[in-house]
Every structure is written in C-alpha cells, then in structure tokens.
Number of protein chains: 2
Amino acid sequence: MKKILTLAFAAAFAVSAFAQDQTIKLPAPSVKGGLSIMETLRNRQSIREYSSKKLKLQDLSNLCWAAIGINRPESSKLTAPTAMNKQEVTLYYIDHKGAYIYNAKSNALELVSKGNHYDLVVAKQDFVKDAPAVLVIVSNTSVFDQTSSLYAYTDAGMVSQNISLFCAGHKMATVPRGMMDRDGLSRVLHLRSGEVPVLNHPVGYLK
Amino acid sequence: MKKILTLAFAAAFAVSAFAQDQTIKLPAPSVKGGLSIMETLRNRQSIREYSSKKLKLQDLSNLCWAAIGINRPESSKLTAPTAMNKQEVTLYYIDHKGAYIYNAKSNALELVSKGNHYDLVVAKQDFVKDAPAVLVIVSNTSVFDQTSSLYAYTDAGMVSQNISLFCAGHKMATVPRGMMDRDGLSRVLHLRSGEVPVLNHPVGYLK
C-alpha cells in the first residue's frame, strides 16, 4: 500500500512538474511605471551587452505585454496596431531551456519546443549568447493578399519598437536583429506556411 | 531716396517672408514629459477622429523628434533604429499649405512642395481631412540588397510606432495607415528611385 501511494504521489508530482514545464504562467502585467515616454525615447539605443542574470517573472510579463499584450480587454486589442486589425504577429520567447509562444489572453508562455535552441538565433553573433532570453517576432504573411503583404513587416517593426522602448524605459538592454536561422526556427517553432520569423530581440538587464 | 529705401525694405521683407515660407524652424524638442512608458502603451490605440486645431510648434517639434529625431548628438543616432544603421527612413510633414521634409539635424521642416496635397493622403478615407497634419514615412529601399530589402519596411514600422506612442503619451490622436496615392506623393515629395512612401499618420489633438 505504501509503495502504491508513493508511486501515486510520484506520478502526480511528475504530471504537475510536466505541466509546469509546459507553461510559464506569468504574473499580471504591471501597467504603470518606467520612465516617461520622452525620456524613454531619449534613452532608446541598440545595446549588445547583457547581464546573464535571468529575467524576473514580473519583468518578463511586463515585457511581453508591452510588446504585444492586450491593452483593451473588452475588444482584445493590442499594444501594437496591425493592419486591418489582422493580429497576425506572434511573439515567441526562447531561453536556454526551451522555446515558448506568448499567449496574451492567458498571460502565459506555452512550451513549443523543449531544449536549447539558442544556436538558431545566435547566427554567428556571439554577443547574443550572453542574453538570458531572446524574443522572436513572427508575422503571418498569409493573412494579406499580395498587394498588402508588406504590412506583415511593418507590423512586426511596430512590435519590435515596443520591445526596444520597454527596455529603454526600464534600464534593460536589447537590439532588433534580422540575423537568425529562419528555416531552423520555423521547424522548432512549428510555424505554418506563410509564417515568417521577421526580427528577434536578445533581452537582458544592463551589464 | 525715400522711395528707394521703401523698395529696399519691401524687397528685404519679401525675401525674409519667402525664407520663412520655405522652412518651418522648430523650437528645440523638449525631451521630458508625457505619460510613463507603461501608461503610454496602455493608452495606445488607433484613433480616427481629430480636433482640427493646428498643432502647436512645440508639440510638432516633440512629435518629429520622437518619430525619428537625433537622441545622441555625438553620433547622430536616432530614436528609431535602422538596420545596419542605414538611416534610410525620412519623415515628411504635410499640412494644408505644403509638404515639408523633416531635417533632424537643423530641427526644421523644409518646404518640398507648396500647396494643399491632402488629397494624396486622404485616399477616400474622409476622416483624414479633419487632421491638421499628416506625417508620411518614406523608406529608401535602394540602400539594401535584395536579401535585406524588407528591413526598409520593418524600419518604417518602428518609426510609425514611435509616432503612435508619442500621441498615446500626450493625449493626441493618430492611426498608422497604408492607404495613400503613392505615385502622386512620390512626385510631390520629389522622391528618388527606390524611395517608397510606406505608411502615413494623420495627427491631431483629441476631439
């Protein structure tokens, strides 16, 4: 009996640990604070040196929300506009343990691929290795017809600037980058046809 | 003699009035103030209703600087990043009197085409007519080779988000738009081959 109970507990624990591994539940974003918008713009710069200190969960939540969180819950509209409100931009979070998709509605990072996929975003720029996390901005070009497909890229740029400004307003460091292994990332992130990793952002505290 | 002096004064006055018409000299941008970055992101929304009240020169200066002004004079680097620091994005300002190019270095709007060119940016969306000004974001695709030409669009998106956030942080209204008469604007703004009007922003005070 004791053995069975032990096994049951072990199984329950494993399931819970597994679930925990699958999803990083974020605390509610704190939508106050940071420098003023003008001081933030004055501080905006591309920074390629990062403390390797892991991001605090609260900062990670605030960062993802700033990038492309829901700022009007009644209409599910976002901090970044999208052409024709297509909401075709998706944010992925990569750390040394896995790659996760940001679910703005449930305020969580959901595991997409376990493992260390840094090589796909480092792409020979070694400074990226020091960052505790990399955000990848994916845009779904297939929601637009040919005449408007470039909006997938301008919309991605808007999300990128939200990330740059969040960091500039919170003494954090980032740089928007185009370099990455797009084919490799598309496989690891399980992207569908038309979904393109457009830009990525190593993020960390100032060194 | 009196007549000659009068003529000389009149000529001098005309030259000065002409120069004034050619260039709108902006006051130095005030790089403090506005809401905090998080409150700014919470307020970010696309607004299509504008007070027709003309923009104050100080607000116009702050707005242009926020969009793509120089935030590090020592290196001439900008509030918005550009891929490989190509600085290929140019900001134009259109009001009912003319179309002007933003010169970040001299902090001035220099006349490019006199006259009312609103029709080119209204493009059948009549709400734009109410805005006292429209900013046009032009990107020079020719600075990139074919493999990186999409950066011209992501970079334009970053400038656009600076404009959206400046407005959200200062109780002003704007919306990023793709609709416009690109050929007509290219003529009026005297764009060169490879320069593309990517997005535009009607801007104004809240109605």
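The values are calculated or read from the model by the stated rules, or taken from the named source; none is laboratory data. All values derive from a computational prediction rather than experimental measurement. Using ideal geometry, Cβ is built from the backbone for each residue, glycine included, and neighbour counts are taken over all protein chains shown. Side chains included, ligands, DNA and RNA excluded: accessible areas come from the protein's heavy atoms. Shrake-Rupley method; radii C 1.70, N 1.55, O 1.52, S 1.80 Å.
Regarding segment A:116-135, can at least one residue be identified that is touching a residue at least 60 places away in the same chain (Cβ under 8 Å), within 22 Å of B:Leu165 (Cβ to Cβ) and crowded, with 19+ Cβ neighbours inside 10 Å? The answer is yes, given that some residue of segment A:116-135 is touching a residue at least 60 places away in the same chain (Cβ under 8 Å), within 22 Å of B:Leu165 (Cβ to Cβ) and crowded, with 19+ Cβ neighbours inside 10 Å.
Checking the structure you have, find out if any residue of segment A:58-73 is over 21 Å from A:Ala168 (Cα atoms), modelled with pLDDT of 95 or more and not aliphatic (A, V, I, L, M). Checked segment A:58-73: at least one residue is over 21 Å from A:Ala168 (Cα atoms), modelled with pLDDT of 95 or more and not aliphatic (A, V, I, L, M).
Evaluated against (1) modelled with pLDDT of 95 or more; (2) out of contact with any Leu (no Cβ under 6 Å at 6 or more places or on another chain), A:Gly33 falls short on exactly one condition, (1). Restricted to segment B:72-87, and to residues there that are polar (S, T, N, Q) and outside any helix (DSSP H, G or I), the residue that is most open to solvent (accessible area, probe 1.4 Å) is B:Gln87. When restricted to residues that are open to solvent by 40 Å² or more (accessible area, probe 1.4 Å) and more than 8 Å from chain A (Cβ to nearest Cβ), segment B:136-179 contains 7. For A:Ala99, are the conditions met, namely being within 14 Å of another protein chain (Cβ to nearest Cβ), in contact with a Ser or Thr (Cβ under 7 Å, 6 or more places away or on another chain) and either more than 20 Å from A:Gln58 (Cα to Cα) or not in a loop (DSSP other than H, G, I, E, B) (or both)? Criteria not met by A:Ala99.
Considering the conditions (1) within 29 Å of A:Val198 (Cβ to Cβ); (2) over 13 Å from the mean Cα position of the chain (by Cα); (3) outside any loop (DSSP other than H, G, I, E, B), B:Leu135 is excluded by exactly one of them, (2).
Note on segment A:31-71: among residues that are facing chain B (nearest Cβ under 7 Å) and basic (Lys, Arg), the one that is most open to solvent (accessible area, probe 1.4 Å) is A:Lys32.
A single member of B:Leu189, B:Leu206 is more than 9 Å from chain A (Cβ to nearest Cβ), surrounded by fewer than 18 Cβ atoms within 10 Å (Cβ to Cβ) and in contact with an Asp or Glu (Cβ under 9 Å, 6 or more places away or on another chain), and it is B:Leu206. All of (1) within 17 Å of the chain's Cα centre (by Cα); (2) free of Cβ contacts under 8 Å to residues at least 12 places away in the same chain hold for B:Asn62 with one exception: (2). Confirm whether B:Val136 is of a type outside the set (Phe, Trp, Tyr) and in contact with a strand residue (DSSP E or B) (Cβ under 6 Å, 6 or more places away or on another chain). For B:Val136, the condition - of a type outside the set (Phe, Trp, Tyr) and in contact with a strand residue (DSSP E or B) (Cβ under 6 Å, 6 or more places away or on another chain) - is met.
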